[in-house]
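Quick notes on the structure that follows.
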Amino acid sequence: MAITTRELVWIKQLFKELKFCDIQQMKLICDNQATIHVDSKPMFHEMAKHIDIDSHFVQEKVLSKEVLTELVS
């Protein structure tokens, strides 16, 4: 999820610099429900402090509403 989030942020910035279009929120589809809960709710994040930097990055983008995570089965 972290790599895909980085790519989405990069593409959003590229479109902004090229004045191609204005992208408000990007959808990130994931099949791991636990990951989505940890990234979208700060209380779960506090209980999982052992996770790596990548998850902090994804959580930051989800909480700032740049990325919307969606569960797919």
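With the requirement that a residue be within 19 Å of Ser73 (Cα to Cα) and not small (Gly, Ala, Ser), what does region 12-37 give you? Working first, answer last.
Within region 12-37, the first condition is being within 19 Å of Ser73 (Cα to Cα), and the residues that meet it are 27-37.
Correct list: Lys27, Leu28, Ile29, Cys30, Asp31, Asn32, Gln33, Thr35, Ile36, His37.
Which one is modelled with the lowest pLDDT, of the residues in region 1-31 that are assigned to a loop (DSSP other than H, G, I, E, B) and open to solvent by 70 Å² or more (accessible area, probe 1.4 Å)?
From region 1-31, those assigned to a loop (DSSP other than H, G, I, E, B) are 1, 19-25, 31; that's our starting set.
Okay, now just the ones that are also open to solvent by 70 Å² or more (accessible area, probe 1.4 Å), so 19-20, 22, 24-25, 31.
Values: Lys19: 88, Phe20: 85, Asp22: 80, Gln24: 83, Gln25: 87, Asp31: 83.
Here the residue is Asp22.
Cβ-Cβ under 7 Å, sequence separation 6+ or interchain: first residue in region 22-34 and closer than 19 Å to Glu60 by Cβ and without any contact (Cβ under 8 Å) to a residue 60 or more places away in the chain, partner open to solvent by less than 40 Å² (accessible area, probe 1.4 Å) and in a strand (DSSP E or B). Which pairs?
Cβ pairs passing all conditions: Met26/Val67; Leu28/Val67; Leu28/Thr69; Cys30/Thr69.
Out of region 52-71, which residues are buried (at least 16 other Cβ atoms within 10 Å of the Cβ) and part of a helix (DSSP H, G or I)? Show your work before the answer.
Our first condition is that a residue be buried (at least 16 other Cβ atoms within 10 Å of the Cβ); within region 52-71, this holds for 55, 57-59, 61-62, 66-67, 69.
Ser55, Phe57, Val58, Gln59, Lys61, Val62, listed by residue number.
The values are calculated or read from the model by the stated rules, or taken from the named source; none is laboratory data. Just so we're clear, the structure is a prediction, and the values are computed from it rather than from any experiment. Here the Cβ is made from the backbone with ideal geometry for all residues, glycine too, and neighbour counts use every protein chain on show. Surface accessibility is based on the protein's heavy atoms, side chains included, excluding ligands, DNA and RNA. Shrake-Rupley method; radii C 1.70, N 1.55, O 1.52, S 1.80 Å.
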